[in-house]
Every structure is written in C-alpha cells, then in structure tokens.
1. May I ask you to list the residues in the stretch 10-41 that are touching a helix residue (DSSP H, G or I) at 6+ places or on another chain (Cβ under 7 Å), open to solvent by less than 60 Å² (accessible area, probe 1.4 Å), part of a loop (DSSP other than H, G, I, E, B) and not charged (D, E, K, R)?
2. Filter the stretch 80-99 down to the residues that are farther than 20 Å from S22 by Cβ and free of Cβ contacts under 8 Å to residues at least 60 places away in the same chain, then identify the one that is surrounded by the most Cβ atoms within 10 Å (Cβ to Cβ).
3. Determine whether K102 is among the basic types (K, R), over 13 Å from the mean Cα position of the chain (by Cα) and part of a helix (DSSP H, G or I).
4. If you take the residues of the stretch 42-76 that are outside any loop (DSSP other than H, G, I, E, B), open to solvent by 100 Å² or more (accessible area, probe 1.4 Å) and within 25 Å of C90 (Cα to Cα), which of them is modelled with the highest pLDDT?
5. Is it the case, given these coordinates, that L111 is in contact (Cβ under 8 Å) with a residue 40 or more places away in the chain, assigned to a loop (DSSP other than H, G, I, E, B) and surrounded by 13 or more Cβ atoms within 10 Å (Cβ to Cβ)?
6. Might you check whether a residue that is touching a Lys or Arg at 6+ places or on another chain (Cβ under 8 Å), acidic (D, E), under 20 Å from L119 (Cβ atoms) and touching a residue at least 24 places away in the same chain (Cβ under 8 Å) occurs anywhere in the stretch 29-41?
Amino acid sequence: MISLKDYGINIADSIIHISNISPSYVFDFDSMHNAVKTIISSGHRTIPVVSKSNDLVGVITYMDILDALLRRMTRNSQISVFMTRAVVYCDYKEPITSALQKMKFSIRGYLPVLNNKKLVG
C-alpha cells in the first residue's frame, strides 16, 4: 500500500501546501471558445469559473461544454449560461485529510481551494 508519507506529504498539513497556487481558470463572462482553449492548454478536464472579483462561482467541465453544444449553443455563448454552479471546494487552511474526504465523498477528481471566497489553488 502506498502512503502519502512515502512522498513527503504530511496529511496534517493544510491543503495549500500541495495545491497548484497558479490554477487555470476562466471568467463567468468568457465564451465557450475561451473555456475550450483554457481546458485544452491546461490539460485538465475541469476548470474553475470566477467572477471579476476572483470569487469562485462555478466550474466548467467537458460535459458542460458537450451539453451546451448539444443544446445548440454557439462558441460565443457565455460560460455563466451553462457552467456547473454547485461546486465542492475547500478552504486553504483545511487539512489535507479533510480535502481528500471531500473529494472521495463528492466523487470528484478536483477541488478548488479558496481563501475568503477567492480562488487560490
């Protein structure tokens, strides 16, 4: 069995210690075209969506985009129209164990990290 300790990760540390502190994201007013470009360039299947003030307002996934295309939306459609608004996230001070439990129980492979509603990881 592989342990996080084998990789030098202390599960009591806060999640920000292992977070990407320069996450890819899009704005809620961006177009589907921009979201697709960002997803492809980042290599991720899910991208956080933030407001002008950098507050997390949703996420955009491959499935959100596919669904929008099937509903005949155009590449210029705003992300806010079809993004996923129910987002499981964690606070940057939360322990790694708490973040892992949230990922497990929500069945998600991602977890935006916030500090006062602002995306930080």
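The values are calculated or read from the model by the stated rules, or taken from the named source; none is laboratory data. Just so you know, these numbers come straight off a predicted model, no measurement behind them. Quick reminder, even Gly has a Cβ in these numbers, built from the backbone with ideal geometry, and neighbours come from all protein chains shown. Quick note on the areas: whole protein, heavy atoms, side chains included, nothing else; ligands and nucleic acids left out. Shrake-Rupley method; radii C 1.70, N 1.55, O 1.52, S 1.80 Å.
1. Within the stretch 10-41, just S24 meets the criteria.
2. Checking each candidate, the answer is M83.
3. yes
4. Residues of the stretch 42-76 that are outside any loop (DSSP other than H, G, I, E, B), as a first pass: 42, 46-50, 55-70.
Next, from what is left, pick out any that are open to solvent by 100 Å² or more (accessible area, probe 1.4 Å): 62-63, 70.
Still in the list and also within 25 Å of C90 (Cα to Cα): 62-63.
On the way: Y62: 88, M63: 91.
If we take residues in the stretch 42-76 being outside any loop (DSSP other than H, G, I, E, B), open to solvent by 100 Å² or more (accessible area, probe 1.4 Å) and within 25 Å of C90 (Cα to Cα), then M63 is modelled with the highest pLDDT.
5. yes
6. There is no residue in the stretch 29-41 that is touching a Lys or Arg at 6+ places or on another chain (Cβ under 8 Å), acidic (D, E), under 20 Å from L119 (Cβ atoms) and touching a residue at least 24 places away in the same chain (Cβ under 8 Å).
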